[in-house]
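Some notes on the structure that comes next.
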Amino acid sequence: MKLDAREARNLLAASDFVALATQSARLPGFPFVSHAPFARDGAGRVVMLLSRLAEHSRNLAADPRVSLMATLGGPDPQAQPRLSLVGELRGERPTPAQQDRYLRYHPEAGAYLGFGDFRFFRLEVIRVRLVGGFARAGWIEAADWKPRPLDEGREVALLSRLPSPPAGAPKPIGLDWDGLDLRDADGGRRRAAFARRPDDEDALLACASDAVRGAS
């Protein structure tokens with residue numbers, strides 16, 4: 001079944017953590033699954049800040065092949081959409097703008113940046129599997145998965161032009177061509193997926209502005 005890659009990207013964007021399956025170095029031939037925070041860069045790629053001391057980091061040093069699973073949970077997990085990404089997770093040095101974007105999604109990670117044992121990793125997707133619900137499942141090829149990129153500098157400029165939300169209302173923290181991410185007053189995060197595809201930055205700004213007003 002052919003599924004919309006935008007649906008899959010918005011599901012990923014609504015998540016802050018994934019189940020990370022690496023190739024076990026300690027037990028060759030067996031997968032090792034852990035729980036890890038992530039964000040996305042301006043090209044929509046998964047970015048992780050991982051401790052070199054963690055078991056999954058030791059595994060990645062030997063073999064970068066991984067699988068990630070994101071799900072939103074719910075009262076009936078079997079009925080909830082879920083997403084698996086297959087690819088290679090490799091260490092990479094982010095630009096200051098990319099690092100700032102990660103910290104907007106995980107501000108607590110700022111305390112780790114001064115530790116020498118933490119390192120950024122970025123996922124290069126090979127294939128994606130989306131289970132969108134009952135009898136709705138299919139593979140998405142890497143070429144279809146990739147979103148339209150939005151440079152982190154342009155993203156910050158567009159965010160600065162959004163209407164200011166009222167006191168106590170969710171505040172925008174991230175923007176891409178598929179939707180807007182907002183932070184609630186209690187620290188929680190929500191995803192506002194766009195109903196239509198914006199063609200240019202003016203249309204993107206209009207969609208994002210509507211999402212800010214709708215969340216207030």
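Every number in this text was worked out from the coordinates using simple rules, so none of it is lab data. Note that the structure is predicted; figures quoted are calculated from it, not measured. So basically every Cβ, Gly included, is an ideal-geometry build from the backbone, and we count neighbours across all protein chains shown.
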Using θ = phi - 60° and Karplus 6.51 cos²θ - 1.76 cosθ + 1.60, couplings along the stretch 147-163 (whole Hz; Gly, Pro as x): x, 5, x, 9, 3, 4, x, 5, 4, 4, 5, 5, 4, 5, 9, 6, x
Per-residue ³J(HN,Hα) for the stretch 23-30, Karplus 6.51 cos²θ - 1.76 cosθ + 1.60, θ = phi - 60°, Hz, x for Gly and Pro: 8, 5, 7, 7, 10, x, x, 10
Cα-based shape type of the stretch 31-114, given that a ≥ b ≥ c are square roots of the gyration tensor eigenvalues and the cut on a/c is 1.5: oblate
Pair A142, R104: separation of 7 Å Cα→Cβ label points (nm): 2.7 nm
Calculated on alpha-carbon atoms, Rg and Dmax of the chain in Å: 17.5, 54
Inter-probe distance in nm under a simple model that places probes 7 Å from Cα toward Cβ, at A43 and S164: 3.7 nm
For the stretch 9-34 versus the stretch 48-78, the gap between their alpha-carbon centres in whole angstrom: 3 Å
Sites matching chymotrypsin sites (Phe, Trp or Tyr not before Pro) across the stretch 56-134 that sit in DSSP coil, with at most 16 neighbouring C-beta atoms within 10 Å: Y112, F115, F134
Compactness relative to 2.2 N^0.38 Å, alpha carbon Rg of the stretch 152-215: 1.02
Degrees separating the helix 201-215 axis from the principal Cα axis of the chain, which is the longest one: 90 degrees
Computed [θ] at 222 nm, deg cm²/dmol, the chain (DSSP H ≥ 4; -39,500 (n - 2.57); rounded to nearest 500): -7000 deg cm²/dmol
